[in-house]
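Engineer: One structure, pasted below without further comment.
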There are 4 protein chains.
Amino acid sequence: MNTFGRYFRCTTFGESHGEAIGVVVDGCPPGIALGPDTIQPYLDRRRPGTGELVSPRQELDRVEILSGIFEGRTTGTPLAMLVRNMETQSGDYEQLRDVYRPGHADFTYAKKYGIRDHRGGGRSSGRETVGRVAAGAVAMQCLEKYQIRIAGRILEIHGKQTEAEMEEEVIRAASDGDSVGGIVEVIASGCPPGLGDPVFGKLDATIASAMMGIGSVKGVEIGDGFRAASLRGSEHNDPISAEGFLTNHAGGILGGISTGSEIVARLAVKPTPSIRKEQRTVDRNGEERVISVIGRHDPCIAFRVVPVAEAMLALVLIDTLLAHVQYRGFEAGLR
Amino acid sequence: MNTFGRYFRCTTFGESHGEAIGVVVDGCPPGIALGPDTIQPYLDRRRPGTGELVSPRQELDRVEILSGIFEGRTTGTPLAMLVRNMETQSGDYEQLRDVYRPGHADFTYAKKYGIRDHRGGGRSSGRETVGRVAAGAVAMQCLEKYQIRIAGRILEIHGKQTEAEMEEEVIRAASDGDSVGGIVEVIASGCPPGLGDPVFGKLDATIASAMMGIGSVKGVEIGDGFRAASLRGSEHNDPISAEGFLTNHAGGILGGISTGSEIVARLAVKPTPSIRKEQRTVDRNGEERVISVIGRHDPCIAFRVVPVAEAMLALVLIDTLLAHVQYRGFEAGLR
Amino acid sequence: MNTFGRYFRCTTFGESHGEAIGVVVDGCPPGIALGPDTIQPYLDRRRPGTGELVSPRQELDRVEILSGIFEGRTTGTPLAMLVRNMETQSGDYEQLRDVYRPGHADFTYAKKYGIRDHRGGGRSSGRETVGRVAAGAVAMQCLEKYQIRIAGRILEIHGKQTEAEMEEEVIRAASDGDSVGGIVEVIASGCPPGLGDPVFGKLDATIASAMMGIGSVKGVEIGDGFRAASLRGSEHNDPISAEGFLTNHAGGILGGISTGSEIVARLAVKPTPSIRKEQRTVDRNGEERVISVIGRHDPCIAFRVVPVAEAMLALVLIDTLLAHVQYRGFEAGLR
Amino acid sequence: MNTFGRYFRCTTFGESHGEAIGVVVDGCPPGIALGPDTIQPYLDRRRPGTGELVSPRQELDRVEILSGIFEGRTTGTPLAMLVRNMETQSGDYEQLRDVYRPGHADFTYAKKYGIRDHRGGGRSSGRETVGRVAAGAVAMQCLEKYQIRIAGRILEIHGKQTEAEMEEEVIRAASDGDSVGGIVEVIASGCPPGLGDPVFGKLDATIASAMMGIGSVKGVEIGDGFRAASLRGSEHNDPISAEGFLTNHAGGILGGISTGSEIVARLAVKPTPSIRKEQRTVDRNGEERVISVIGRHDPCIAFRVVPVAEAMLALVLIDTLLAHVQYRGFEAGLR
């Protein structure tokens, strides 16, 4: 299942070391101003090699829009977007052909499919998110019309919260041949009340699916999240005044539907599974092996998760927004 | 969107104080032994009034199977299951016709639909879960064939973990006209490796959606979950030996696909929003009001979440299992 | 797959001789005036025993609306509608437990599921259409808002076109212990241009699926249909003037999207497969048998297809209309 | 809605004169031998310029597989396939920027989207079928495993049935600046009984949708089709002997499920709407115009429909086959 969304459907494709990575977006409203220049900045942000704390791998991710655009605007037909895989040194990965890296999808893909593209993680590579980020960029372009804005950030790395501490944790882990996890927060502002759909299309359920579907994410919470479990009702309920909600413990969602307050989601990101430190594992014959994963791996994947989480939230919101305006358009008798 | 699942699709319907609550299950394999007696025990477990810590409301939830069964076995056609709403004292709720209870879906439903059934929360009532639990019971009956078992439990109430402490917290909150939140854990054992579908049908993403879609749930985590954010890769990765995974920090899922280890999910449940304590709110004209919610409300909803979380996990697993055996059946050339 | 529609989704359930037949409609816009009295007339029309040319079986199909209505209006939550099966003389069907009636689904259901409810055709009975007609009635109520009207009629019976001839054909066939087929036409007027969705959601493709999915239908055509195959382009193309299309060979659809002209579909209905005349068949052990199907069977099923075809067209149109207004609502910036 | 299929989902993209045309196939089983050489022959067959009776336009449709293949086999991940649009003389189409060609989607796309790519019909061009044929080629590769074979052919052109007559009709129409319609038949042999899904996933309903969704198709029939409307039950019912069905009036489908006999579908193809003969139309300001469509257009599109109908039937069959083996795999307890 490589499609996300019911109305604004994005289907990603591509493996880390295949010919190309991309996405088809079906259901984008017509008339949205769009071109490669609209998408490229989002891809540049997710690219490794653009910060000190991320992997030095140089990827030149030039997006090409193959369809769905006419004279600078969307036409309502599918947008296919493509990024060629340039730097694909498959040789690096030959050692991984038969061995399963702990914490990776190597084992599970092998069990599921009986065949797997071992080069760079194949389909389970973080590189697949190029398609999501490109689709998310289109979604954000649409959300602009409603002044809905999305912003993500790192909250914690390895339990630390100041920038200096976080940086130190990453550097120390890297020098130990190890990695660290972190927490990402993503916020949407400007959402009208009414987004989300009972009972199985709740906005928070859809966000949870979107976020947990990002590689390395092991937890998702909305508003107070897990902290709500330690609160009393009188502390957690958000009182309402004539001006609106006085607090936002709910993270902008009640009963699965947006309240009009900021939508706040947090993601727990596990430490990068690829580490130089030796680990016990097996090969595909079940023989025990010791593995030290060599290569250009981010010591902390949380930084890379930020733009992807933003993209996924944009995809969720445009989808629920389109569902929402459907009834409004019908009610208004639009033709 | 009141349908869950792609292959084993359950569609719930019904409001708290309408005629009936129910579910249609479409896609259940034929030949499964099933009758009201198979379903009833699950409904009895979710019923209030069966423990000291839950609301004393007496609901007689007798399930009726309207279709899809012939001579005690499923036929492959839709199973419609119905529970009549017996005790529906709408009078209790007249005070809530125009006022929005903080922490509830009253405000958001009103904004979304312009019309709402205010009696007992209408569609957003916990009573809707009758349909999910009935469908979950069918799913569990199917999972039996694969020896997949599901069990949920309360981990924490208001930050406390021993039974005595938890009980005390609930009683104290109730006597204060307040409520408390908690943490629920649900575990599936016996799952074969290979369940789950990249990229947007990941097992953990589907579980996250299923769990976050339960009323009052504000967070979901898999395996180490949020704790993984404070770990190093060498601590979080599960080493593999010839006998299998040596630990289960991953909670049974890698790359969105089951590993064969136990699948472990935890849910943060917010405190029941209906409390006797006075709270600030508004009515539908935007006038400020003070509300004290009177009625038979559980002081801690987490107990009620347990059977629903089990049901939802069963629904997720039968759905992914059916997806999984599809390729296996094709591979084997079954006709 | 017992669900039809992407936005206005109806899921039917029930067997001919089970407890009940019904439907859940999910996605109906809120605020539509609706009650059992709105639905009942549609069910009465499809009921047998209401005309001379249809089976004398007396079914009392009283619809009950279980959910989704509050104070006489839809609330946006699922509408569950139920009709109890009153007259279910299973005894009649005992002879059919093991034998496959030619032209029926008996053989194919047995092969597919390994188990089948043989009583009255079980799920494959025409009685299943009760759910479709009830859902169609809701759809028509919604379409009223747009002044979209649907009307079906019999065009031909056994090749004859006048009422007297058609009646004669039916009576003669019945007295021979045989049956006859016919052609049904269904027309929608008042549709705005723009309904339908390239490439796989074309309006005509969706209509074709809806109509061919009615039991006994073996062919569907739009506008000129099969006659178009014998025409030249200069004859078939509809010229356009400043006042609109001058002809309607296209049947109101071009490129899968409505033109604003009347939408015209025709259905070929096969002769009722249940006939008294002896036919060769086999039982479930593969033993050859001769069968004479006794019971109250319409000698011409086409009459019964008319209200079902109307209902299905209504379901197609409300679904495509909701898809259509989605973009319009977004374009207008509705909240 | 540019996606077809529930299990084996193909999403096409691309406009006639955009950068590229293509398809993403999601849900293809792993382990199927596949490469560009498997797909190319199917594309070559659909290419114009390969016969006397089709347009002389020379398209070099070289397929590129971007993902989903590893060492010559499918991996279970999405297959993205691409064909660059080489010969895109947009200039030819400048005259059509503002005017609506009768019989074409020009008018309806403009009404629906407010914007349209007029070059070569944009998304509504027959060129879009490149993606379908490529996906169909993958489907056929999968169906090979079950010895399911598909073959299409022209039955009639402009009412004529011999090859000489048909050729003459096409040549005469072309020389008149006109075009002719025809009837295409497509047959699948080797299908096991049990394919198709009641009530809304019937095999014939799915075939009807697939075929009617091909541009220019105005009618679909199964088995006897429209002729069944003129038959009696005793003539149309297929008797069953110990050796199987003695006739195949049903076209291989009963109750929406395959019988094991050949599946037979026929399509009515309208005459090519683009003709040199003058026709009345309007431009986008509603001004009346007379149009003579100049360009390289097939005088009879039915020839081009054959490979597309084959591809669509393959897509329907692999999808229903995968649904079918799901239950079989579950029943067998496969892991």
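Engineer: Would you tally the net charge around B:Gly190, using a Cβ to Cβ cut-off of less than 15 Å, leaving B:Gly190 out, and scoring K and R as +1, D and E as -1?
Structural biologist: The answer is 0.
Engineer: Identify the residues of segment C:229-272 with backbone N under 19 Å of a label point that sits 7 angstrom from the Cα of D:Glu165 along the Cα-to-Cβ direction, or state none.
Structural biologist: C:229-233
Engineer: With N residues in the protein assembly as shown, what two-decimal value do you get for its Cα radius of gyration over 2.2 N^0.38 Å?
Structural biologist: On the way: Rg = 30.3 Å, N = 1340, 2.2 N^0.38 = 33.9 Å.
Normalised Cα radius of gyration, the protein assembly as shown: 0.89.
Engineer: Tell me, Kirkwood radius of chain A from alpha-carbon pair distances, in Å?
Structural biologist: Here the Kirkwood hydrodynamic radius works out to 21.2 Å.
Engineer: If you don't mind, there's one more thing I want to ask. Sorted from fewest to most neighbouring beta carbons within 10 Å, what does the list C:Leu155, C:Leu82 look like? Don't skip to the answer; put the middle values down first.
Structural biologist: Details: C:Leu155 15, C:Leu82 26.
Sorted ascending by nearby Cβ count, the order is C:Leu155, C:Leu82.
Engineer: Å³ per residue of the Cα convex hull, for segment C:124-167?
Structural biologist: Normalising the Cα hull of segment C:124-167 by residue number yields 112 Å³.
Engineer: Still on this structure: If you project the alpha carbons of segment D:144-278 onto their three principal axes, what span does each projection cover, largest first, in Å?
Structural biologist: Each principal axis gives a Cα extent; for segment D:144-278 these are 56, 29, 28 Å.
Engineer: A:Asp283 label points, 7 Å along Cα→Cβ, one per copy: pairwise distances from this copy to the rest in nm, shortest first?
Structural biologist: 6.1, 7.3, 7.7
Engineer: Continuing with this model, one more query. From the backbone phi of segment D:267-278, what are the Karplus-calculated ³J(HN,Hα) couplings (6.51 cos²θ - 1.76 cosθ + 1.60, θ = phi - 60°) in whole Hz, Gly and Pro given as x?
Structural biologist: Once θ is set to phi - 60°, the couplings for segment D:267-278 become 10, 8, 10, 6, x, 3, x, 6, 10, 6, 4, 6 Hz.
Engineer: Just need the relative contact order of chain B here, percent rounded to a whole number, with Cα pairs under 8 Å and 6+ apart. Walk me through the intermediate numbers first.
Structural biologist: On the way: 699 pairs, mean separation 73.2, N = 335.
Value for chain B: 22 percent.
Engineer: HN-Hα J couplings of segment B:116-127 from phi, Karplus 6.51/-1.76/1.60, θ = phi - 60°, integer Hz, Gly and Pro as x?
Structural biologist: 8, 8, 7, 6, x, x, x, 6, 7, 5, x, 4
Engineer: How many nanometers, to one decimal and shortest first, lie between the label point of C:Ser241 and those of its other copies, if labels sit 7 Å from Cα toward Cβ?
Structural biologist: Reported distances to equivalent positions: 6.1, 6.7, 8.8 nm.
Engineer: Given a 10 angstrom Cα cut-off, can you work out which residue in D:Arg296, D:Arg119, D:Arg127 is the most mobile in a GNM of chain D?
Structural biologist: Among D:Arg296, D:Arg119, D:Arg127, the largest mean-square fluctuation in the Gaussian network model of chain D belongs to D:Arg296.
Engineer: What spacing in nm lies between the two simple spin-label points modelled at C:Ser175 and B:Asp37, each 7 Å away from Cα in the Cβ direction?
Structural biologist: With each label placed 7 Å out from Cα toward Cβ, I get 5.5 nm.
Engineer: Then there's this: Ignore the peptide's own chain and count Cβ atoms of other chains within 10 Å of each Cβ in D:246-256; give me the average, rounded.
Structural biologist: Counting Cβ atoms of other protein chains within 10 Å of each residue's Cβ and averaging gives 5.
Engineer: Please work out the ratio of the alpha-carbon Rg of segment A:198-316 to 2.2 N^0.38 Å and round it to two decimals.
Structural biologist: 1.44
Engineer: Please rank A:Val220, B:Val293, fewest neighbouring Cβ atoms within 10 Å first, as an exposure proxy.
Structural biologist: If I rank by nearby Cβ atoms, fewest first, I get B:Val293, A:Val220.
Engineer: Another one. Can you list the DSSP H helices in chain C whose Cα atoms extend at least 27 Å along the helix axis and whose mean Kyte-Doolittle hydropathy is 1.6 or higher?
Structural biologist: Helices meeting the criterion: none.
Engineer: Counting only C-alpha contacts under 8 Å and six or more residues apart, can you give the relative contact order of segment B:176-268 as a whole percent?
Structural biologist: Worked out over segment B:176-268, it gives 47 percent.
Engineer: Rounded to the nearest 20 Debye, what is the dipole magnitude of the protein assembly as shown about its Cα centre when Lys and Arg each give +1 and Asp and Glu each give -1 at the C-beta?
Structural biologist: Details: 152 positive and 172 negative charges, 1 e Å.
Once rounded to the nearest 20, the dipole reads 0 debye.
Engineer: If the limit is 25 Å between Cα atoms, which of C:Lys111/D:Lys218; A:Lys202/B:Lys277; B:Lys112/B:Lys218; C:Lys277/D:Lys202; A:Lys270/B:Lys112 go over it?
Structural biologist: Violating the 25 Å Cα-Cα cut-off are C:Lys111/D:Lys218; A:Lys202/B:Lys277; C:Lys277/D:Lys202; A:Lys270/B:Lys112.
Engineer: If amide H atoms are built 1.01 Å from N in the plane of the peptide, which residues on other chains or at least 5 residues away come under 5 Å of the amide H of B:Phe200?
Structural biologist: Those lying under 5 Å, H to H, from B:Phe200 are A:Asn2, A:Thr3.
Engineer: Please report the spacing between the Cα centers of segment A:259-335 and segment B:160-177 in Å, no decimals.
Structural biologist: Segment A:259-335 and segment B:160-177 have Cα centres spaced 37 Å from each other.
Engineer: Which order do A:Ile21, C:Ile294 fall in if you start with the one that has the fewest other Cβ atoms within 10 Å?
Structural biologist: On the way: A:Ile21 28, C:Ile294 12.
Sorted ascending by nearby Cβ count, the order is C:Ile294, A:Ile21.
Engineer: With only Lys, Arg, Asp and Glu charged, each at its Cβ (+1 for the first two, -1 for the last two), find how big the charge dipole of segment A:112-195 is about the Cα centre; round to the nearest 20 debye. Each step should come with its number before you reach the end.
Structural biologist: Values: 11 positive and 12 negative charges, 143 e Å.
In total the dipole reaches around 680 debye.
Engineer: Sort out for me the Cα centre separation of segment B:101-151 from segment A:1-37, rounded to whole Å.
Structural biologist: Each part reduced to its Cα centre gives a spacing of 32 Å.
Engineer: Tell me the distances, shortest first, between B:Gly333 and the same position across the other copies, using label points 7 Å along Cα→Cβ, in nm to one decimal.
Structural biologist: The answer, with the shortest distance listed first, is 2.3, 6.4, 6.4 nm.
Engineer: Taking every eigenvalue of the Cα gyration tensor of segment C:257-335, multiplying by 5 and rooting it, what semi-axes result, largest first, whole Å?
Structural biologist: 46, 16, 10
No value in this document is a laboratory result; all are computed from the given coordinates. Everything numeric here is computed off the predicted structure, so don't read it as measured data. Using ideal geometry, Cβ is built from the backbone for each residue, glycine included, and neighbour counts are taken over all protein chains shown.
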